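Below is one structure; the comments refer to it alone.
The values are calculated or read from the model by the stated rules, or taken from the named source; none is laboratory data. If you're wondering where the values come from, they're calculated on a predicted model, not measured in any experiment. Note that we place each Cβ from the backbone using ideal geometry, even for glycine, and neighbour counts take in every protein chain shown.
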Amino acid sequence: MQLDDFMFGRRIRQNHALEHATITILSQRVPNLTVSARSNTNGFIIFGDVDLGELRHALEEALRRLQAGEAELAIHPNCGTNLAVGVTMVTLGTLLGFASSNTRTRIATAAASTLAGWAAARPVGEYVQRHFTTLPDLQGVRVTEIIRRNFFGLTFIEVRTVQE
């Protein structure tokens, strides 16, 4: 077992990769798609109203393409990982800037450090996705169930997967 498997869980990472690939393909098929999703050990949940037929087609294509080696489908520009990494980098940049010993340049150093953190957030976030929060190796993974639920007027769809 590798450290990243222990920290983030192999099944969660696989489901996160499938979630990203599915949303990417679904976005290409459905104009103005507005959804969010969260992965877990059993699959992932899509928050938003999506046609189940379109979702099934996108899921099948995503699984097939990931299993064929299209690992880039596992990386999504709007992933929460990018946001978390971005906030962390901007915060660290600001704190490091304010830690400067020269009080006259403290604000300028903080501003420059904040901008550097903001500029690096996306590429670093994609690196974190690629190596820690997604795993595009989906050999033996299959979708077992797709369940639509409504809760207080909100629609969410649960996609369940298994590793054979």
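Assorted remarks:
- Any hit, segment 127-146, residues being farther than 18 Å from SER36 by Cα, surrounded by 14 or more Cβ atoms within 10 Å (Cβ to Cβ), of a type outside the set (Phe, Trp, Tyr) and free of Cβ contacts under 8 Å to residues at least 60 places away in the same chain: yes
- Checked against (1) among the hydrophobic types (A, V, I, L, M, F, W, C); (2) surrounded by 21 or more Cβ atoms within 10 Å (Cβ to Cβ); (3) within 15 Å of THR134 (Cβ to Cβ); (4) at pLDDT 95 or above, VAL85 meets all criteria but (4).
- Among the residues listed as ALA84, ALA119, ALA71, the single one being out of contact with any helix residue (DSSP H, G or I) (no Cβ under 6 Å at 6 or more places or on another chain) and more than 26 Å from GLY9 (Cβ to Cβ): ALA119
- Annotation for segment 56-68: at least one member residue is among the aliphatic types (A, V, I, L, M), surrounded by 15 or more Cβ atoms within 10 Å (Cβ to Cβ), within 18 Å of ILE157 (Cβ to Cβ) and touching a Lys or Arg at 6+ places or on another chain (Cβ under 7 Å).
- In segment 14-33, residue surrounded by the most Cβ atoms within 10 Å (Cβ to Cβ) [restricted to those that are of a type outside the set (D, E, K, R) and within 15 Å of LEU52 (Cα to Cα)]: THR22
- If you check GLY86, GLY93, GLY125 for being under 16 Å from HIS16 (Cα atoms) and not assigned by TED's automatic domain parsing to the domain that holds PHE47, only one passes: GLY125.
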